[in-house]
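Structure, as structure tokens:
All of the numbers you see were taken from the coordinates with simple rules; none came from a lab. This is a predicted model, so every value here is computed, not measured. Counting neighbours? That spans all protein chains shown, and the Cβs are built from the backbone with ideal geometry, glycine included.
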């Protein structure tokens, strides 16, 4: 039984999302972006499953997608806890910070010196002060994490 | 006298020292200062057994000679201890295999059975030659062992020394009692090994271990000759046994020196193969008996303890070569060319060694060169090929054993008293310090120089007589024709005349030219030997005068040692001195030794026996010899006393020759340049090859996995994403391959 | 689609499209450049990406009417472009925003496919909850400005090639689906298998019965079966019309009935899983001693 063109196109879209997610996991070094890419892969799979469900006229695919959704939520929770732990150890969200699995006589892989970024530091708008300037503790201001 | 079966006694003679050696090795440490007892007792028991055998066999020879007026061969049936090897059908003679070995071998091979097994049994034989050798070995060995109790007293290797001496006596006894060429080879090597161990006894001294190595390696050259000779003997005669044996089917297999072959006029192969065998055996004898060109090891062997030098390098081991040639007399007699070579080698060695000995300043070196020289005399005598020559050589062997051992032990006594100093220039006038040693040493020197009535005179006289007989055959033929039977020590066969065809002195064999040539050679050899006798006396008495006469000088190393040696060392000296004095006269006058030896089966071969001459005392030759000896002594005395200083200094008279003699004719240097240096170079090349190429190859193979690993290891970077990329690509590759297969 | 000749043209076009997609991804991924080179690379990469998308669209399958086609095209483009932007943006915050856009596109695709509940659920759960969690973490942990590790990729070329080849393979096999499975891997429909046993009464049961074993027996090859050459009693060559119950007005009710009917156990298990994940996260976090947490301050400049 040949699937309908809609189904086929849906499969193609699912494949694209999956492939793009794979590229993102393999290539990007920021842990968060890696996990976003993993979620992209799951999206691709969901689209494929729904397409097949549409083709077969069966609820099974959609059921599976519901559970995929659930599991993705759990996975995101646990994974982000791990990312925070990793960040606590190394101070960076860099997957290349973890290299202890290498051979004992190989040196650490270090980035070569990058050219200066021409992305200026973001200038956040400064509001004109209205009223009394609240007292801001210098230390606390420094301690505060920025995005 | 112990009344035992001769076969048992024969087995006991080597077995007891072997047991003594094993016991000394096992219990040496336990026994401590008494470690000499097992060895000394066992050698003493063996000596008793050997003398018993000698006496018993002598009686038998005497009784058989009385009956027949001739010496019939006397030998004991060989005792087989056990069968060492037995390979059936090991050898098909050339006639069966169709090999072209030349006429001699082909002719010989026709007489051999079709298929011969290779059997080697541990066979011991007893005949007059063996009995004499056994007696000499064990008696001298006993005296040396007793002497060593005092000499090696404080040495830390005390038990090892006695074990080695006992082991040596065992090996030498087996060598002379073996009835089989392969056994001879085995024990030839064994005595070489004992010699190596004894020369290098103080192995921590580099010169001693180097000397031991040199001795062993030079002996190897000789052993090579013996090995090839054994191969040729096997090929020619189909057996290695001396005695006759039976094959499995009952047919006889004549031994090389068995009665059957000895009685056969054409029993021995002449020509190329025969001469080759004889010359190879001569090479072996040269190695062991330190003849030119393999004599270089004996002077260096003086690094060993003096009792070892006395036993091995004077009395017994070096005489193994003489024994071998005497034993193989029938083979040599069949090849006259080989006999001439033997004589030439012997006489030349005697002369060269005597020349070198005149300029030596080390007492032991003088004695070493003297040994080489005297052994040269024995070979010169053996090379005459006459019964007189063979028996004279053995006679000289016996007397030489006594007086040379005496001289060496005396030198040891001197060395012991002088605290290890043996350079004659550093001491003098020791007759006041050690009178007994001086007296016995003088006796030995007189015997060595050949002054009547000491032993050396008679034996040297016989040697000179045998050379003279070959050089001037006419002078001796008259004797033979005049007294055909009286006091005849030859085999009285009716067909004795028939064998004159193969004897040397007959002019009827048509090779008169050959006889004349050899005669002129022997004339030269005779004059050489006479000159050597002069030199012998000279250097011997030079040593005596330098050591024992003149003002008494003792070197500092002597310390409190400078006194006469203890009785355990002087009694053997006295015994040997008595033997050196008496034995020559007694043995010669009774002709006991000559008659006894003539009964040896090897020497009863018709070819040998036909050369027998009646016992005559050649006064003219005796006078020539004595004159030469006295001239030597007088010259030595003149040189010594005339100068009133360190002793005769032949350097002044010799001029340029002095360098030649002092450097031992540069033979060592020639060997180093010709043999040692090229071998060192080859060894260096081989070592380089082994290190660079072979090891390099192995290392290269070992580095391949390392290299591969070094490349592959870089994949393990620790970056998980790189692993993931690899995994993804791999999976896609598999999927692609599957898709390719499944398309269409 | 068309017979093999046409398929090879499609194959060639797809190959070109895959090549363009790989090149464009490689150019777009951050490679530690800056300035003119970076901008030029990005622009060229975007161009190539557009070309690749165009080719993919060209080889796409014609839907029924223009309206449906346009709708599907728009939502799928939104999804794909949003996904691509997610993975190539340098700043992770922007990455998250693009992800949200991609989610919107995916929701649109799901809706077009008739999964009403799921389309909405995607927005609610993913964009509403999961994405917000990611943004929280970014707030806690991301340094200001662009970190060095955001400007570099791990093996950009190999990753792009891997992704593109995967996409090409999948598209190829999806295209093959219309041609039918290869001779080795034909799987009969459930209807054919139960031909003797069961006599399905209405089309929906038949559809149910037919698709289940097909889904269950799918062999591990890309040429997925499910396109049996013979179906019991229905026209085999034309595509089947969508089963009416999925597109019915009470879609969600039916979905709920199916979920809590046939898959009740799985629902309970999912609930337990959620609980476990919750407890687990708290357990992991609480085990860290306070002083170790965030001990290394996020850098102000590039880390």
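A compact table of results
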{"read-out": "Rg(Cα) / (2.2 N^0.38 Å) computed for the range A:7-91, rounded to two decimals", "value": "1.26"}
{"read-out": "Shielding of C:53-59 by partner chains, average beta-carbon count, 10 Å", "value": "1"}
{"read-out": "Extension gain from residue B:423 to residue B:64, taking 0.36 nm per residue of separation minus the Cα-Cα distance", "value": "123.9 nm"}
{"read-out": "R0 of 41 Å, Cβ-Cβ distance residue B:673-residue A:108: FRET efficiency to nearest 0.05", "value": "0.05"}
{"read-out": "Calculated over the range B:291-402: convex hull of Cα atoms, volume per residue (Å³)", "value": "84"}
{"read-out": "Gained length - residue B:207 relative to residue B:738, 0.36 nm times residue gap less alpha-carbon distance", "value": "183.1 nm"}
{"read-out": "Fraction in percent of alpha-carbon pairs per bin - 10 Å, chain A", "value": "9, 22, 24, 20, 16, 7, 1, 0"}
{"read-out": "Scaled radius of gyration (Cα, divided by 2.2 N^0.38 Å) that the range C:6-179 gives", "value": "1.13"}
{"read-out": "Mean projected area (nm²) of the alpha-carbon convex hull when chain B is viewed from all directions", "value": "49.1"}
{"read-out": "Per-residue Cβ neighbour rank within 10 angstrom, fewest leading, B:158, B:723", "value": "B:723, B:158"}
{"read-out": "Acute angle (nearest 10 degrees) that the helix B:206-237 long axis makes with the longest principal axis of chain B, alpha-carbon atoms", "value": "80"}
{"read-out": "Ordering of B:342-348, B:576-582 by packing [mean C-beta count within 10 Å, highest first]", "value": "B:342-348, B:576-582"}
{"read-out": "Among B:428-439, B:396-407, the order from most to least packed when residues are scored by Cβ within 10 Å on average", "value": "B:396-407, B:428-439"}
{"read-out": "Chain B, relative contact order in percent, only Cα pairs under 8 angstrom and at least six apart counted", "value": "14"}
{"read-out": "Mean separation of Cα contacts under 8 Å, 6 or more apart, over the residue count of the range A:1-123: relative contact order %", "value": "22"}
{"read-out": "Efficiency of FRET between residue B:7 and residue B:692 - r from beta-carbon atoms, R0 60 angstrom, step 0.05", "value": "0.45"}
{"read-out": "Cβ-based exposure ranking for B:731, A:128, in which fewest neighbours within 10 Å come first", "value": "A:128, B:731"}
{"read-out": "Residue-averaged beta-carbon neighbours from other chains (10 angstrom radius) around B:256-263", "value": "0"}
{"read-out": "Ratio Rg/Rh [Cα only; Rh per Kirkwood] for the range B:1-53", "value": "1.07"}
{"read-out": "Shielding of C:34-47 by partner chains, average beta-carbon count, 10 Å", "value": "1"}
{"read-out": "Residue C:68-residue C:129 FRET efficiency (beta carbon distance; Förster radius 41 Å; 0.05 resolution)", "value": "0.85"}
{"read-out": "Sorted peptide list for C:271-278, A:71-78, criterion being average Cβ within 10 angstrom, highest first", "value": "A:71-78, C:271-278"}
